[in-house]
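K.L.:
Mind having a look at this structure? Questions to follow.
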Amino acid sequence: MQNKTLGELAESVGGKVIGDENLTITNIAPLMEAKAGDISFLSNKKYRKHLTTTKASAVITDKETSSSAQALLLVDDPYYAFCQIAEFMFGHRKHPSCGISEKASVSKTAKIGENSNIQDFVTISDNVEIGSGCNIYPGVFVGPNTKIGDNCILYPNAVIFDDCIVGSGVIIQANATIGQDGFGFATHNGEHHKIPHISKVILEDNVEIGANAAIERGSLMDTVIGTGAKIGDSVVIGHGAKIGAGCLLVPQVGIAGTAELGQYCVIGGQSAVTGHLKVGNMVMLAAGSAIINDVEDGKIMAGSPAIEASQAKRAYRTFAKLPEMRQTINKLKKRLDELESKQ
Amino acid sequence: MQNKTLGELAESVGGKVIGDENLTITNIAPLMEAKAGDISFLSNKKYRKHLTTTKASAVITDKETSSSAQALLLVDDPYYAFCQIAEFMFGHRKHPSCGISEKASVSKTAKIGENSNIQDFVTISDNVEIGSGCNIYPGVFVGPNTKIGDNCILYPNAVIFDDCIVGSGVIIQANATIGQDGFGFATHNGEHHKIPHISKVILEDNVEIGANAAIERGSLMDTVIGTGAKIGDSVVIGHGAKIGAGCLLVPQVGIAGTAELGQYCVIGGQSAVTGHLKVGNMVMLAAGSAIINDVEDGKIMAGSPAIEASQAKRAYRTFAKLPEMRQTINKLKKRLDELESKQ
Amino acid sequence: MQNKTLGELAESVGGKVIGDENLTITNIAPLMEAKAGDISFLSNKKYRKHLTTTKASAVITDKETSSSAQALLLVDDPYYAFCQIAEFMFGHRKHPSCGISEKASVSKTAKIGENSNIQDFVTISDNVEIGSGCNIYPGVFVGPNTKIGDNCILYPNAVIFDDCIVGSGVIIQANATIGQDGFGFATHNGEHHKIPHISKVILEDNVEIGANAAIERGSLMDTVIGTGAKIGDSVVIGHGAKIGAGCLLVPQVGIAGTAELGQYCVIGGQSAVTGHLKVGNMVMLAAGSAIINDVEDGKIMAGSPAIEASQAKRAYRTFAKLPEMRQTINKLKKRLDELESKQ
């Protein structure tokens, strides 16, 4: 961390200061937790009221906001500017420069690029290729023939099986498993025979895989995670699934085998997509939901099974009234019986 | 991989060729992805229409199917024949023949069978017994007194605690945890006291445990996974649960402590079975469902809480109509009020 | 294990024997599985009928229970006494006394307390501080600057990232991940930019974290697990969440970022709490449920989205009747049409 002036921060994001450019900023914090010397940010208008009570010395916000209580740093996209400023002030995690550790186990047939660090207790199998600037943490296993691009980070105890392809700028969090055999069996005479999984996993550039996530390799078709997609902790992706570029899969999501998601879908926590179906681009699925049919581009879905979110919201709101509705129906029936008997 | 003639493939599965037995087959692929030279398969009749458009040179199918567009390989069970042929052409993963690595940590009191490979950074604790033909990948931990049969595969960073019993032909995927203490506490005066878990986990022959799955040891009763059962990625099985032979537990399933499943149950993804109950043989549970009461043999269940699937299907279909139903009830009430007032 | 007399067991828990104090007890088992020589326990009155059929030689129970079929050990809290007696007879897992293994990788700047055991293939990074009496199993990774108290157990392949704070008496199960970056991105021009996660995870005293669980570090605010809270297998806790002291989070629970739970909440298996909300003290959430709004102290909630459990129970019971209700509504409508037409 290094203290910055508000003017320096503004310059780093191309923003405009309303107030004292020479103000020293020592930390970054949410509006309600910020102290004097901190910069905060307002991106969700629902928190605008906090501008009058925050103790932050400066607030990153958009050009339509004004405040006399503190200095402002006006930008087009306050949340992105917050992200940039946090990175400018604190940076991301620094990795140890250890080169190739003598305590790692690196095959003689593996190729490791320049400036890549292979830490202790790492296993790099035969014919693996790793690009430059990678950081491989202790306990990582990379199986035979797998190719990894430049500037990747593999955190402790992550496992990548054989023959997989990992792009550049990929981050694999701790204890994630990539490329294990999928859940595929041919049942014959009461025995579940393991189907060979002869395809692989492809993680395109800038993908991030969460801690303890599990991405199965394909049986006959590759499992693909598209460019820039972010996969949360403990997500499971089945064999042969395709996740489009820029998708966000929140923790504990399950995507069944051979499901296809378009680009920039957002799949809420603990949600699921069943197998053999197509989800369009920019589809949003609420947390705890399950898609069981094809979904067109741009739809917002909710519920298990998922229906359009607006419809689901109304149905779930009515749900608690079910016992009362049933009583009402019974009463109406009795009243109708009586009326009819009088005819 | 090795090219085969269609005749060789037919011989390997005891099937009958309709067409040219000398056709060279170079790969195996799904109907819609297959190219010339590929063999494909048709087991689900819903895809029969693809027979006229597939570019596969040959298709594995059943004896009731005919096609003039490509050679056919007729068998009794096309999906199983596909599995056999994929194995015949490609085999399963080959394991490195390293013997007992000097970089492994193997207790002097452990016994390792013939032709077993213990790779780097493996820990084999005191009094462990491992059979012949096993492959133990880097980072695996096997706790004291645990016994493992023949021809097992333990993939990287899998953990098996003390005193467990693993049969023969068992596969444990990467980052799975077997035999940790269960979630059991006795709460007294606001403190949760850890209950000793003095029982173990038993994995019977030919069980497969998915990546990042967690199988708790029992407190007073063993946790048992029956012969040939297959447990998906990120499944959690609670202390003392019994999973019958041949069960299929799809990824992210949760089975609570001391639940008992009969043989050949199929539990859909993200489903749950609550504790202290009995599920019969051959019960099927739809994805995203939860069994909270005992279930008889052969039932097909769905919903959370689960009811019979046929009933659940109708109820869920009606669910989206709830707001409309409520409006209708209100209208009926008004009309009835009016009718009554006229009496 | 060591045989004990019933009198010794009674003394260990301050209970009263009804029957022969010199009875030798060799094992502990549930009522229906117990054999002669075993002690069992009755804490849930629903199993009282088993007192007449159990083969246990003695039963731990409360002072209101009587039985002529076997000896009784009367205590105030039978379940807690069972826990104490299981610990008295069998103890918890013993850990190997290896000191600091030469096969571990321990930074010269790390400080390790007395009587702590660091097993093979462990990585202890720069400036780590570990208290006394800790047991660190193979494959564990502890990142730079992290501080760990006394008498902690870190099971195989658990990962704790940099700058975290772990209290005393903490247990981290195998393959758990603590302190990885959270799922936080600022999306700008179609790219998801990683938000720096400059805060940490704090595990207070006596916390237990389940196998394959994932606890994200905070972006701007620490993630905190309060004293004595127990977190189940495969639970995911998002960045900046606060879990109050004594909470029980059953396996596969998901807590979204910045959610706050009060003290002694019990969150059922596969349940979820969405982000940016407050759950009071002693709230209970049924399995498979999802809290999406603030919840007051002491509420019992169920359903997804969660409503009060009593209401949810009635609504779910009515749910299966939905198709029938809809038919009834249609019939009533027709009858009403007819009646009106007669007016």
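The values are calculated or read from the model by the stated rules, or taken from the named source; none is laboratory data. Source: prediction; values computed, not measured. Because the Cβ atoms are built from the backbone with ideal geometry, glycine has one as well, and the counts that use them run over all protein chains shown.
K.L.:
Go through the range A:237-256 and count every residue that is surrounded by fewer than 24 Cβ atoms within 10 Å (Cβ to Cβ) and either charged (D, E, K, R) or in contact with a strand residue (DSSP E or B) (Cβ under 6 Å, 6 or more places away or on another chain) (or both). Step through it out loud before you land on a result.
P.N.:
First, the residues of the range A:237-256 that are surrounded by fewer than 24 Cβ atoms within 10 Å (Cβ to Cβ): A:242, A:244-246, A:248.
So of that shortlist, the ones also either charged (D, E, K, R) or in contact with a strand residue (DSSP E or B) (Cβ under 6 Å, 6 or more places away or on another chain) (or both) come out as A:242, A:244, A:248.
The qualifying residues number 3.
K.L.:
Tell me, which residue of the range A:241-260 that is part of a strand (DSSP E or B) and away from chain C (no Cβ under 14 Å) is farthest from the chain's Cα centre (by Cα)? Before the answer, list the steps.
P.N.:
First, the residues of the range A:241-260 that are part of a strand (DSSP E or B): A:242-243, A:248-249, A:254-255, A:260.
Okay, now just the ones that are also away from chain C (no Cβ under 14 Å), so A:242, A:255, A:260.
Details: A:Lys242: 15, A:Ile255: 13, A:Glu260: 17 Å.
Per the criteria, the residue is A:Glu260.
K.L.:
Answer yes if at least one residue in the range A:302-309 is more than 14 Å from chain C (Cβ to nearest Cβ) and more than 27 Å from C:Gln180 (Cα to Cα), and no otherwise. Explain how you work it out, then say what you get.
P.N.:
Looking only at the range A:302-309, we keep the residues that are more than 14 Å from chain C (Cβ to nearest Cβ), and these are A:307-308.
Subset that is more than 27 Å from C:Gln180 (Cα to Cα): A:307-308.
Looking for residues that are more than 14 Å from chain C (Cβ to nearest Cβ) and more than 27 Å from C:Gln180 (Cα to Cα), one finds at least one in the range A:302-309, hence yes.
K.L.:
I've got another one for you. Residue by residue through the range A:152-166, note down the ones that are within 14 Å of chain C (Cβ to nearest Cβ) and part of a loop (DSSP other than H, G, I, E, B). Reasoning before the result, please.
P.N.:
Just the residues of the range A:152-166 that are within 14 Å of chain C (Cβ to nearest Cβ), to begin with: A:152-159.
Residues satisfying the conditions are A:Cys152, A:Tyr155, A:Pro156, A:Asn157, A:Ala158.
K.L.:
Here are some conditions: (1) facing chain A (nearest Cβ under 9 Å); (2) closer than 23 Å to C:Ser107 by Cβ; (3) surrounded by fewer than 24 Cβ atoms within 10 Å (Cβ to Cβ); (4) of a type in the set (Val, Ile, Thr). C:Ile195 meets all but one. Which one does it not meet?
P.N.:
Going through the list (1) facing chain A (nearest Cβ under 9 Å); (2) closer than 23 Å to C:Ser107 by Cβ; (3) surrounded by fewer than 24 Cβ atoms within 10 Å (Cβ to Cβ); (4) of a type in the set (Val, Ile, Thr), C:Ile195 breaks only (2).
K.L.:
Moving to a separate point now. Among A:Lys278, A:Lys333, A:Lys342, A:Lys299, which is the only one that is in contact with a Leu (Cβ under 7 Å, 6 or more places away or on another chain), farther than 20 Å from C:Ile307 by Cα and of a type in the set (Lys, Arg)?
P.N.:
On the way: A:Lys278 fails: in contact with a Leu (Cβ under 7 Å, 6 or more places away or on another chain); A:Lys342 fails: in contact with a Leu (Cβ under 7 Å, 6 or more places away or on another chain); A:Lys299 fails: in contact with a Leu (Cβ under 7 Å, 6 or more places away or on another chain).
Within the list A:Lys278, A:Lys333, A:Lys342, A:Lys299, the selection yields A:Lys333.
K.L.:
If C:Gly269 meets every condition in (1) buried (at least 22 other Cβ atoms within 10 Å of the Cβ); (2) more than 19 Å from the chain's Cα centre (by Cα); (3) of a type outside the set (D, E, K, R) apart from one, which number is that one?
P.N.:
Here C:Gly269 clears every test but (2).
K.L.:
Out of the residues in the range A:35-47 that are under 27 Å from the mean Cα position of the chain (by Cα) and of a type outside the set (Val, Ile, Thr), which is nearest to C:His188 (Cα to Cα)? Let's see the steps before the verdict.
P.N.:
Step one: of the range A:35-47, the residues under 27 Å from the mean Cα position of the chain (by Cα) are A:39-47.
With of a type outside the set (Val, Ile, Thr) added as a condition, the list becomes A:40-47.
On the way: A:Ser40: 19, A:Phe41: 16, A:Leu42: 16, A:Ser43: 13, A:Asn44: 15, A:Lys45: 18, A:Lys46: 21, A:Tyr47: 21 Å.
Among them, the one singled out is A:Ser43.
K.L.:
Would you pick out the residues in the range B:10-26 that are free of Cβ contacts under 8 Å to residues at least 40 places away in the same chain and either in a strand (DSSP E or B) or closer than 21 Å to B:Lys63 by Cβ (or both)? It would help to see each step written out before you state the result.
P.N.:
Initially, the range B:10-26 is screened for residues free of Cβ contacts under 8 Å to residues at least 40 places away in the same chain, giving B:11, B:21-22, B:24, B:26.
Answer for the range B:10-26, where residues must be free of Cβ contacts under 8 Å to residues at least 40 places away in the same chain and either in a strand (DSSP E or B) or closer than 21 Å to B:Lys63 by Cβ (or both): B:Glu11, B:Glu21, B:Thr24.
K.L.:
Test A:Gln263 against the criterion of being assigned to a loop (DSSP other than H, G, I, E, B), surrounded by 24 or more Cβ atoms within 10 Å (Cβ to Cβ) and under 15 Å from the mean Cα position of the chain (by Cα), and give yes or no. Give the derivation first.
P.N.:
Numbers: assigned to a loop (DSSP other than H, G, I, E, B): yes; surrounded by 24 or more Cβ atoms within 10 Å (Cβ to Cβ): no; under 15 Å from the mean Cα position of the chain (by Cα): yes.
So A:Gln263 fails the test.
K.L.:
Against the definition (of a type outside the set (A, V, I, L, M) and facing chain C (nearest Cβ under 10 Å)), how does B:Asn206 come out, yes or no?
P.N.:
Numbers: of a type outside the set (A, V, I, L, M): yes; facing chain C (nearest Cβ under 10 Å): no.
No.
K.L.:
Which ones in the range A:112-151 are of a type in the set (Ser, Thr, Tyr), within 13 Å of chain B (Cβ to nearest Cβ) and touching a Cys at 6+ places or on another chain (Cβ under 8 Å)? Lay out the reasoning, then the answer.
P.N.:
Looking only at the range A:112-151, we keep the residues that are of a type in the set (Ser, Thr, Tyr), and these are A:116, A:123, A:125, A:132, A:137, A:146.
In the following step, the residues that additionally are within 13 Å of chain B (Cβ to nearest Cβ) were identified as A:123, A:125, A:137, A:146.
A:Thr146 - this is the single residue of the range A:112-151 that is of a type in the set (Ser, Thr, Tyr), within 13 Å of chain B (Cβ to nearest Cβ) and touching a Cys at 6+ places or on another chain (Cβ under 8 Å).
K.L.:
Does C:Glu64 satisfy the criteria of being within 10 Å of chain B (Cβ to nearest Cβ), acidic (Asp, Glu) and either farther than 12 Å from C:Ser40 by Cβ or part of a strand (DSSP E or B) (or both)? It would help to see each step written out before you state the result.
P.N.:
On the way: within 10 Å of chain B (Cβ to nearest Cβ): no; acidic (Asp, Glu): yes; either farther than 12 Å from C:Ser40 by Cβ or part of a strand (DSSP E or B) (or both): yes.
When the stated conditions are applied, C:Glu64 does not pass them.
K.L.:
Return yes when B:Leu220 is facing another protein chain (nearest Cβ under 8 Å), farther than 22 Å from C:Val236 by Cβ and among the hydrophobic types (A, V, I, L, M, F, W, C) and no when it is not.
P.N.:
Details: facing another protein chain (nearest Cβ under 8 Å): yes; farther than 22 Å from C:Val236 by Cβ: yes; among the hydrophobic types (A, V, I, L, M, F, W, C): yes.
Considered against the rule, which asks whether it is facing another protein chain (nearest Cβ under 8 Å), farther than 22 Å from C:Val236 by Cβ and among the hydrophobic types (A, V, I, L, M, F, W, C), B:Leu220 comes out as yes.
K.L.:
Kindly establish whether A:Asn151 is modelled with pLDDT of 95 or more and touching a His at 6+ places or on another chain (Cβ under 6 Å). Step through it out loud before you land on a result.
P.N.:
Details: modelled with pLDDT of 95 or more: yes; touching a His at 6+ places or on another chain (Cβ under 6 Å): no.
Criteria not met by A:Asn151.
K.L.:
Then there is this: Which pairs do you get when a residue that is under 20 Å from B:Gln252 (Cα atoms), found in the range B:272-287, comes within reach of a residue that is of a type in the set (Lys, Arg), reach meaning Cβ atoms under 8 angstrom, with the pair 6+ apart or on two chains?
P.N.:
Final answer for the pair search is B:Val283/B:Lys299; B:Met284/B:Lys299.
K.L.:
Next question, about the same structure. Go through the range C:82-133 residue by residue and tally those that are charged (D, E, K, R) and either exposed (fewer than 15 other Cβ atoms within 10 Å of the Cβ) or in a helix (DSSP H, G or I) (or both). Steps first, please.
P.N.:
Residues of the range C:82-133 that are charged (D, E, K, R), as a first pass: C:87, C:93-94, C:102-103, C:108, C:111, C:114, C:120, C:126, C:129.
Going one step further and asking which of them are either exposed (fewer than 15 other Cβ atoms within 10 Å of the Cβ) or in a helix (DSSP H, G or I) (or both), we end up with C:87, C:94, C:102, C:108, C:111, C:114, C:126.
Residues flagged as charged (D, E, K, R) and either exposed (fewer than 15 other Cβ atoms within 10 Å of the Cβ) or in a helix (DSSP H, G or I) (or both) within the range C:82-133 amount to 7.
K.L.:
Only one of these is of a type in the set (A, V, I, L, M) and in contact with a Gly (Cβ under 6 Å, 6 or more places away or on another chain): A:Ala71, A:Ala86. Name it.
P.N.:
Values: A:Ala86 fails: in contact with a Gly (Cβ under 6 Å, 6 or more places away or on another chain).
Step by step, each of A:Ala71, A:Ala86 is checked, and only A:Ala71 is of a type in the set (A, V, I, L, M) and in contact with a Gly (Cβ under 6 Å, 6 or more places away or on another chain).
K.L.:
Of the residues A:Lys46, A:Lys16, which is surrounded by fewer than 13 Cβ atoms within 10 Å (Cβ to Cβ), farther than 21 Å from A:Phe90 by Cα and within 14 Å of chain C (Cβ to nearest Cβ)? Show your work before the answer.
P.N.:
Working: A:Lys16 fails: within 14 Å of chain C (Cβ to nearest Cβ).
One residue alone meets the criteria, A:Lys46.
K.L.:
Could you please let me know if C:Lys55 is modelled with pLDDT of 95 or more, under 26 Å from B:Asp222 (Cβ atoms) and basic (Lys, Arg)? Break it down into steps so the answer makes sense when it comes.
P.N.:
Working: modelled with pLDDT of 95 or more: yes; under 26 Å from B:Asp222 (Cβ atoms): yes; basic (Lys, Arg): yes.
Yes.
K.L.:
Can you name the number of the only condition in (1) of a type in the set (Asp, Glu); (2) in contact (Cβ under 8 Å) with a residue 12 or more places away in the chain; (3) more than 24 Å from B:Pro138 (Cβ to Cβ) that C:Asp120 fails?
P.N.:
(3)
K.L.:
Hey, another quick one. If you go through the range B:225-240, how many residues are without any contact (Cβ under 8 Å) to a residue 40 or more places away in the chain, more than 10 Å from chain A (Cβ to nearest Cβ) and touching a Gly at 6+ places or on another chain (Cβ under 6 Å)? Give the derivation first.
P.N.:
Going residue by residue through the range B:225-240, those that are without any contact (Cβ under 8 Å) to a residue 40 or more places away in the chain are B:225-226, B:228-232, B:234-237.
Retained after the next criterion (residues that are more than 10 Å from chain A (Cβ to nearest Cβ)): B:225-226, B:236-237.
With touching a Gly at 6+ places or on another chain (Cβ under 6 Å) added as a condition, the list becomes B:226, B:236.
Matching residues across the range B:225-240 total 2.
K.L.:
Here is a further query. Please enumerate the residues belonging to the range A:214-240 that are small (Gly, Ala, Ser) and either outside any strand (DSSP E or B) or outside the structural domain of A:Ser304 (by TED's automatic domain parsing) (or both). Outline the logic, then answer.
P.N.:
From the range A:214-240, those small (Gly, Ala, Ser) are A:214, A:218-219, A:226, A:228-229, A:232, A:234, A:238, A:240; that's our starting set.
Those that are small (Gly, Ala, Ser) and either outside any strand (DSSP E or B) or outside the structural domain of A:Ser304 (by TED's automatic domain parsing) (or both): A:Gly218, A:Ser219, A:Gly226, A:Gly228, A:Ala229, A:Gly232, A:Ser234, A:Gly238, A:Gly240.
K.L.:
Can we say C:Glu21 is touching a Gly at 6+ places or on another chain (Cβ under 7 Å), more than 10 Å from chain B (Cβ to nearest Cβ) and of a type in the set (D, E, K, R)?
P.N.:
Yes: the conditions hold for C:Glu21.
K.L.:
Another one. From the list A:Leu339, A:Leu322, exactly one residue is facing another protein chain (nearest Cβ under 7 Å) and either aromatic (Phe, Trp, Tyr) or touching a Ser or Thr at 6+ places or on another chain (Cβ under 7 Å) (or both). Which is it? Break it down stepwise before answering.
P.N.:
Details: A:Leu339 fails: either aromatic (Phe, Trp, Tyr) or touching a Ser or Thr at 6+ places or on another chain (Cβ under 7 Å) (or both).
Result of the check over A:Leu339, A:Leu322: A:Leu322.
K.L.:
Restricted to the range B:182-192, and to residues that are surrounded by fewer than 24 Cβ atoms within 10 Å (Cβ to Cβ) and in a loop (DSSP other than H, G, I, E, B), which residue is nearest to the other protein chains (Cβ to nearest Cβ)? Walk me through it before giving the result.
P.N.:
Step one: filter the range B:182-192 for residues surrounded by fewer than 24 Cβ atoms within 10 Å (Cβ to Cβ), giving B:184-192.
This time we only want the ones that are in a loop (DSSP other than H, G, I, E, B), so: B:184, B:189-190.
Working: B:Gly184: 9, B:Asn189: 9, B:Gly190: 6 Å.
Checking each candidate, the answer is B:Gly190.
K.L.:
I would also like to ask the following. Condition test on A:Ile198, is it outside any loop (DSSP other than H, G, I, E, B) and hydrophobic (A, V, I, L, M, F, W, C)? Quick ask: steps written out before the conclusion?
P.N.:
Values: outside any loop (DSSP other than H, G, I, E, B): no; hydrophobic (A, V, I, L, M, F, W, C): yes.
So A:Ile198 fails the test.
K.L.:
So A:Glu308 ticks every box in (1) assigned by TED's automatic domain parsing to the domain that holds A:Val273; (2) surrounded by fewer than 19 Cβ atoms within 10 Å (Cβ to Cβ); (3) over 21 Å from B:Thr318 (Cβ atoms) but one. Which box is left unticked?
P.N.:
That leaves (3) as the condition not met.
K.L.:
Could you please find all residues in the range B:217-241 being under 24 Å from A:Glu216 (Cα atoms) and of a type in the set (Lys, Arg)?
P.N.:
Scanning the range B:217-241 gives a single hit, B:Lys230.
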